[in-house]
1. Return the whole-Å distance between the Cα centroid of the range 136-188 and the Cα centroid of the range 1-72.
2. Run through the DSSP bridge list for the chain and note the antiparallel percent, rounded to the nearest 5.
3. When only DSSP loop residues count, what chymotrypsin sites (Phe, Trp or Tyr not before Pro) in the range 124-216 have their Cβ near at most 13 other Cβ atoms within 10 Å?
4. Given the C-alpha centroids of the range 79-114 and the range 245-273, what is the distance between them in whole angstrom?
5. In square angstrom, rounded to the nearest 10, how much accessible surface does Arg152 have for a 1.4 Å probe?
6. Which lysines does Lys206 reach when only Cα atoms under 24 Å apart count, and residues fewer than 8 places away in its own chain are ignored?
7. Compute the relative contact order of the chain as a whole-number percentage, counting only Cα pairs closer than 8 Å that sit 6 or more residues apart in sequence.
8. Summing -39500 (n - 2.57) over the DSSP H runs of n ≥ 4 in the chain and dividing by its residue number, what mean residue ellipticity at 222 nm do you reach, to the nearest 500 deg cm²/dmol?
Amino acid sequence: MELRERFDWRGRRIAWGCKGSGPAVVFCHGTPWSSVLWAPFADALSDDFTVYIWDMAGYGESTKAPEHPVDLGVQGELLPDLLDEWGLADPHIVAHDYGGAVSLRAHLLHQRSFASLCLVDVVALRPWGSPFFNLVKDNPDVFSQLPAAVHRGALDAYIQGASHYGLRPEMLSVLIRPWLGDEGQTAFYRQIAQADERFTEQFETKLGGIDLPVHIIWGEEDTWIPVDRATRIQESVPGATLKLVAGASHLIHYDAPVALSNEVRRWLAGQAL
């Protein structure tokens, strides 16, 4: 599934794509990923749903201009405007990593209505951020000036660490491509520098007020966001259900694609009845 469309928003261009027919499902990616993680799953669901994928501001094929902020606050404001652009009142949301925080901010802080919310290994509760992530956050200017080959090596190692089994070269290539070159390298470290736990702190106490169907999917081997976050989110959100996936780390899309696809389809089919 390709991102053939562009949405002009606050001086930047947001890449997105749509396919299929039926109830609307919007997939939200996280960091340092892009919509490519969700594209195969959206394709698989497009016979039964109208699926939407998009790249957050500063990610993937969307604008990466240095003057544009890319923090979670900005992304949480972008999502409702994007839904308005698509004419979607109550879509189903499937979110991974930062996409969870973006979706929760849109719902809890900007009063955006969803039909249901599926949270997959999401950033939602403090603390979050790996040692490497926090090191970069404190020294973004230093890292942005790394020689290209050193940056590539650090990026490879960082992203490989999100998979339980390891990524094949073609998988890794797709994931790192947006962060290469002068623009990509600067954008990679900029988005980490703008990460701040206050963006999740602002909605943590509101999770108990969520009044829509919520399902949580989590890789049991996730070392980026440990599985205890999944149980904490379930305990915080009334009626939330939880599915743990064995043998999967943070990149559950690659570690357990069949299990993830089946679980997302099962969940959405149940909500669409």
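1. 20 Å
2. 30 percent
3. Details: sites: Trp128, Phe132, Phe133, Phe143, Tyr158, Tyr165, Trp179, Phe188, Tyr189, Phe199, Phe203; in loops: Trp128, Tyr165.
Filter output for the range 124-216: Tyr165.
4. First find each Cα centre; the distance between them is then 20 Å.
5. Here the residue's solvent-accessible area equals roughly 100 Å².
6. Reachable lysines: Lys243.
7. Result for the chain is 17 percent.
8. -12500 deg cm²/dmol
The values are calculated or read from the model by the stated rules, or taken from the named source; none is laboratory data. The model shown is predicted, which means the values in this text are computed figures rather than measured ones. In this analysis, Cβ positions are derived from the backbone assuming ideal geometry, glycine residues included, and neighbour counts consider all displayed protein chains. When the accessible area is computed, the model is the full protein with side chains, heavy atoms only, and any ligands, DNA or RNA have been set aside. Shrake-Rupley method; radii C 1.70, N 1.55, O 1.52, S 1.80 Å.
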